[in-house]
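Each remark here refers to the structure printed beneath this line.
Please treat every number below as a calculation from the coordinates, not as lab data. Every value quoted in this text rests on a predicted model; they were computed, and no experiment measured them. For neighbour counting, all protein chains shown are included, and Cβ atoms are generated from backbone atoms with ideal geometry for every residue, glycine included.
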Amino acid sequence: MRVRAMAAALVAGVLAVTASACSSGSDAKVPSDPSKVSGTVTMWIYPINEKIENTWWKSRVAAFEKKYSKVNVKVVVQPWANRDEQLTTAIAGGKGPDVVYLIPDQVPQYANTGALADVSDVVAKDKADFRQNALDAMTYQDKLYGVPMLMSVTTTVANKKVLAAAGIDAPPTTWDEALADGAKLKKKGLYLTDYVATPDATLNQTFYPLLWQAGGDVLSSDGKKAAFNSPAGVKALTFVKTLVDKGYVPKDSLTVTPKPDQSVLCTDKAAMGFASSTAEVTICPGYQAGDWEVGAPLKQTKSVSYGTVGGLSVLSGSKNAAAAKAWVQWISSASQLKQFDLDHGYSSPRTSQGSLLADQPLVGQSEKYLGEMKTGVTNAAAPRQLMDVVKPHLQAALLGKVSVKQALADAEKDANKQLARG
């Protein structure tokens with residue numbers, strides 16, 4: 001963990017120096033006249049849909065260049081693996097792209113060092129059409145650093161056969177209902193759900209949603225202090241501890257990450273996932289969509305879960321930032337974005353486009369909960385490193401090594417140290 005923290009600090013230092021040396025893109029605005037903008041725009045995208053990514057962009061680039069005749073767009077499909085290291089190295093060497101695809105927990109890292117340009121002007125004309133939580137996900141310190149291109153949401157995904165075996169008609173909607181269902185399932189030798197507490201498990205789909213449901217937040221509004229050591233945090237971790245102590249979740253998953261297709265959910269031993277993407281169950285052996293049901297995110301004081309947003313950011317070091325912003329504005333326009341999301345299998349961040357996946361099993365049912373999702377920590381410079389220092393303390397409480405309150409206090413202390421490092 002110390003090595004990872006040192007690496008993160010090195011990345012931040014490199015980005016800060018580089019961003020301060022070349023920040024021409026920060027002041028550029030979206031051009032109003034296509035004939036007045038020129039230059040080459042290089043965009044780094046990733047295989048969001050591996051089957052089409054290398055060919056999908058060709059016709060879109062041609063259409064854009066027909067309107068912006070003095071601009072050339074080069075789309076480079078980069079691998080997911082080591083993407084942060086690759087991007088950081090490119091920026092440091094003065095060879096970064098003009099536009100890059102980022103997800104919410106990457107935005108603070110780059111924005112905090114001045115590597116990203118504010119793109120508020122890109123969405124200014126139709127900002128009201130974007131879902132507010134999608135815009136919030138790409139915002140850092142009140143500035144928009146990425147234009148949302150896609151969305152997805154996790155929620156309750158239940159195995160109908162397992163529910164029926166315990167005489168349960170529908171997935172629970174509240175924590176109390178979940179505990180009651182857990183008791184019924186245990187009598188049949190079944191689990192309510194799974195809770196993976198290993199170091200490689202993301203808190204975005206374990207502890208954070210429960211914290212939000214209890215009315216809590218991970219950090220203070222300014223992102224400078226931990227906020228999870230609160231009454232809401234105690235409720236959330238106590239709820240998970242209750243699931244563990246009562247045998248409603250398998251204890252093995254507290255220390256060993258199950259293979260996705262061999263989890264208790266996939267092997268008909270657990271009734272549901274509480275912050276699951278519908279794609280997670282499609283890999284289960286013998287998967288049949290009709291065997292599964294999508295429910296609302298659980299509620300304690302509010303119904304909320306985790307979701308994803310992906311967007312396009314303009315680097316502040318871009319020498320053709322005006323052209324880059326023109327490209328991002330064009331490709332994220334309502335007409336272009338709809339086809340992008342349909343072809344890539346994601347929901348749209350634009351409210352005017354409604355449910356794009358309504359005809360698809362399960363995922364179409366989950367779209368109704370897009371407005372009830374959060375994308376994790378977006379107001380701290382290093383969200384992933386923050387998780388790394390918090391997870392061991394939560395695991396210790398679930399294993400009975402420390403009390404819930406002690407675990408949260410210890411996690412708060414380490415989290416604040418991490419936040420102070422930036």
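Provide the packing ranking of 55-62, 86-93, 384-391, i.e. peptides ordered by the mean count of other C-beta atoms within 10 Å per residue, highest first.
384-391, 86-93, 55-62
Subtract the Cα-Cα distance of ASP169 and GLN336 from 0.36 nm times their separation in residues, and report this length gain in nm to one decimal.
Additional length available on full extension: 56.0 nm.
In what sequence, highest mean first, do 206-212, 377-383, 68-74 appear when ranked by Cβ atoms within 10 angstrom?
Output ranking for 206-212, 377-383, 68-74: 206-212, 377-383, 68-74.
Answer rounded, prolate or oblate for segment 318-422, using the Cα gyration tensor with square roots of eigenvalues a ≥ b ≥ c: rounded when a/c is under 1.5, else prolate when a/b is larger than b/c, else oblate. Mind dumping the intermediate values first?
Values: a/c = 4.22, a/b = 1.69, b/c = 2.49.
In terms of gyration-tensor shape, oblate.
Where the centroid of each part is defined by its Cα atoms, how far is segment 227-281 from segment 79-105 in Å?
With segment 227-281 and segment 79-105 each reduced to a Cα centre, they are spaced 33 Å.
Membrane-span-like helices in the chain: DSSP H runs reaching 24 Å or more (Cα, own axis), mean Kyte hydropathy at least 1.0? Each step should come with its number before you reach the end.
Details: long enough: 2-21 (29 Å, 1.49); 404-421 (26 Å, -0.91).
Within the chain the helices that satisfy the rule are 2-21.
Tell me, what ³J(HN,Hα) does each residue in segment 210-220 have, in order and in whole Hz, if you take phi through Karplus 6.51 cos²θ - 1.76 cosθ + 1.60 with θ = phi - 60° and put x for Gly and Pro?
5, 4, 5, 4, 7, x, x, 10, 6, 10, 5
With only Lys, Arg, Asp and Glu charged, each at its Cβ (+1 for the first two, -1 for the last two), find how big the charge dipole of segment 271-400 is about the Cα centre; round to the nearest 20 debye.
That gives a dipole near 600 debye.
For the chain, with the dipole built from +1 on Lys and Arg beta-carbon atoms and -1 on Asp and Glu ones, taken about the Cα centre, which of ALA226, TRP80, SER276 lies farthest toward the positive end?
In the chain, that residue is ALA226.
What dipole magnitude, in Debye to the nearest 20, does the chain give about its Cα centre under +1 on Lys/Arg Cβ and -1 on Asp/Glu Cβ? Each step should come with its number before you reach the end.
Numbers: 46 positive and 39 negative charges, 94 e Å.
Using Cβ point charges on Lys, Arg, Asp and Glu, the chain gives about 460 debye.
With +1 assigned to the C-beta of every Lys and Arg and -1 to the C-beta of every Asp and Glu, and no other charges, what is the dipole magnitude of segment 174-297 about the Cα centre in debye, to the nearest 20?
In total the dipole reaches around 440 debye.
Which one, (1) 111, 63, 43; (2) 71, 48, 33; (3) 71, 68, 44, gives Cα extents along the principal axes in Å as derived from the coordinates shown?
Here the calculated entry is (2).
Could you order the peptides 323-333, 42-52 from most to least packed, using the average number of other C-beta atoms within 10 Å per residue?
With the highest mean Cβ count within 10 Å placed first, the list reads 323-333, 42-52.
Given the options THR173, TYR110, THR155, identify the residue whose Cα lies farthest towards the positive end of the charge dipole of the chain (+1 on Cβ of Lys, Arg; -1 on Cβ of Asp, Glu).
TYR110
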